[in-house]
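Single-structure report; data block below.
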Amino acid sequence: MQVHNRGAKMKKLVSFLVLSVSAFFCGSASALEMRPVMTLDVAKKMAQACEEKAIQEGWRMNIAIMDAGGNLVYFERMDRAFLKSIDIAILKAESSAGFPFSTKVLEEIASTRVPGIAHVPGIATFEGGLPVMTASGEHIGSIGVSGAAASDDGICAQVAIDAVATDLQ
């Protein structure tokens, strides 16, 4: 009789452990936060739109697109774009990944309120970097464009974001 009871107790213990482990993993999965992210497909669409605008205008651009963590998702250098503008495009994208506003706003802040920000390594304070936001206002990444006048860089970056507006819904 005791062997039978021991077997029943063992089954109960195993069942309890299986359920406990299952509950632990189910609870962990539901605790993960689901957030929109910058995808490679969206980044490529952005770069393509910027490139098309640049070709129309005769600009030779470097285009850097990052996720919200400042990780490079996609980079494109148009034929004969300035080599030094590679670093500038990346810097603009990094700046708008780190702050959810444009590098033009950073330029205004540097010239009016916090002049020292212009001297902080890793921050671009001239136009051409824009944050990429979802329709609900979630910051999912950034774009940095360099190769023409700063205002033209900004135009190209905005064209890129406008091209993926439906993807950001």
key: Hits in region 152-169 - residues which are more than 19 Å from A54 (Cβ to Cβ) and assigned to a loop (DSSP other than H, G, I, E, B)   = Q169
message = Return the residues of region 86-109 that are of a type in the set (A, V, I, L, M, F, W, C) and buried (at least 19 other Cβ atoms within 10 Å of the Cβ); say none if nothing qualifies.
response = I88, A89, I90, L91, A93, A97, L106
key: Test result for M46, assigned to a loop (DSSP other than H, G, I, E, B) and either under 16 Å from V145 (Cβ atoms) or touching a Gly at 6+ places or on another chain (Cβ under 8 Å) (or both)   = no
message = If the requirement is being touching a helix residue (DSSP H, G or I) at 6+ places or on another chain (Cβ under 9 Å) and either under 15 Å from C50 (Cα atoms) or buried (at least 18 other Cβ atoms within 10 Å of the Cβ) (or both), which of these qualifies: G144, G122?
response = G144
query = Tell me, which residue of region 108-151 that is aliphatic (A, V, I, L, M) and part of a loop (DSSP other than H, G, I, E, B) is farthest from I63 (Cα to Cα)?
reply = V114
query = Does any residue of region 95-106 turn out to be of a type in the set (V, I, T) and free of Cβ contacts under 8 Å to residues at least 12 places away in the same chain?
reply = yes
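Throughout, read-outs are computed from the coordinates displayed, never taken from laboratory work. Predicted model, so just to flag it, every value in this text is computed and none were measured. With ideal geometry, Cβ positions are generated from the backbone for all residues, glycine too; neighbour counts draw on all protein chains shown.
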